[in-house]
């Protein structure tokens with residue numbers, strides 16, 4: 001009985017770790033790290049709704065460290081909602097909605113819109129649009145987090161445009177994360193951005209995604225950030241990734257679908 005229970009738990013964990021619409025399972029433990037409650041009194045409060053792509057390599061802590069470095073003198077709290085859920089599940093999950101309504105967040109980042117990895121199915125974006133609408137109604141900045149392409153799969157435009165289609169229905173910033181990964185591969189020979197599963201991020205990949213979210217939230221170039229530690233990304237690689245992020249935000253403006261929103 002105990003063995004059957006352990007097997008069931010492992011199956012459930014791996015099922016939760018796919019990409020936007022399912023992908024290969026992760027090869028590393030990806031359970032969320034328990035976080036202290038977000039401080040409602042912080043100057044900048046960010047909530048992240050997502051699945052294992054948000055939690056892998058503690059991307060939320062990377063983003064928090066960047067915001068603290070780029071906004072000296074301000075207090076920062078970045079909270080990742082617990083669990084691995086798609087956006088349609090977040091809309092109907094009582095715990096997620098309680099967290100959503102728990103304080104006046106500065107921004108909410110949305111990752112894990114379902115999509116068909118095979119291209120044979122269509123998933124509705126209605127629930128994601130409704131999440132953005134509710135965010136707007138509370139005067140909170142909504143940010144879409146398109147995932148990077150899986151290793152060896154040409155799906156950057158598909159992933160980015162899917163999130164743009166949501167922003168076109170309800171205004172939201174769209175971070176050009178998949179394009180930044182493509183640019184890094186082109187500019188930095190041998191850079192490792194994917195985890196061994198070819199789906200999730202390696203530390204370098206999570207760091208680059210966090211840089212793009214930082215630029216999207218603040219409107220500032222990541223090039224001005226100092227080296228940040230400890231996140232298993234060496235200082236030289238951080239500098240190279242900051243240069244990639246700086247180039248990418250000049251190529252694809254993260255704020256083009258939310259031009260009237262204030263910067264954090």
- Message: Neighbour counts of other C-beta atoms within 10 Å: give me 115, 123 arranged from fewest to most.
- Response: 123, 115
- What list do you get for 132, 174 if you sort them by fewest beta carbons within 10 Å? 132, 174
- Rounded to the nearest 5, what is the percent of antiparallel bridges among the DSSP beta bridges in region 46-204? 5
- region 132-264, relative contact order in percent, only Cα pairs under 8 angstrom and at least six apart counted: 26
- Message: P(r) for region 35-251, please, calculated from all Cα pair distances in 10 Å bins and given in %.
- Response: 8, 36, 38, 16, 1
- Note on the structure: The exposure ranking of 77, 118, 240, fewest beta-carbon neighbours within 10 Å first, is 118, 240, 77
- Item | For region 54-170, fraction of C-alpha pairs farther apart than 24 Å, in % | 31
- Okay, which of region 121-151 sit inside 12 Å, backbone N to the point 7 Å along the Cα-Cβ direction of residue 262? 139-141
- Would you compute the Debye intensity of region 69-116 from its alpha-carbon atoms alone, equal scatterers and no solvent, and pass along log10 I(q)/I(0) at q = 0.13, 0.16, 0.21, 0.32 Å⁻¹ to two decimals? -0.39, -0.55, -0.81, -1.39
- Query: Given R₀ = 41 Å, FRET efficiency for residue 185-residue 138 by Cβ-Cβ distance, to 0.05?
  - Reply: 0.60
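None of the figures in this text is laboratory data; all of them are computed from the coordinates on show. Just so it is clear, the structure is predicted and the values come from calculations on it, not from any experiment. Cβ coordinates were reconstructed from backbone atoms using ideal geometry, including for glycine residues, and neighbour counts include every protein chain displayed.
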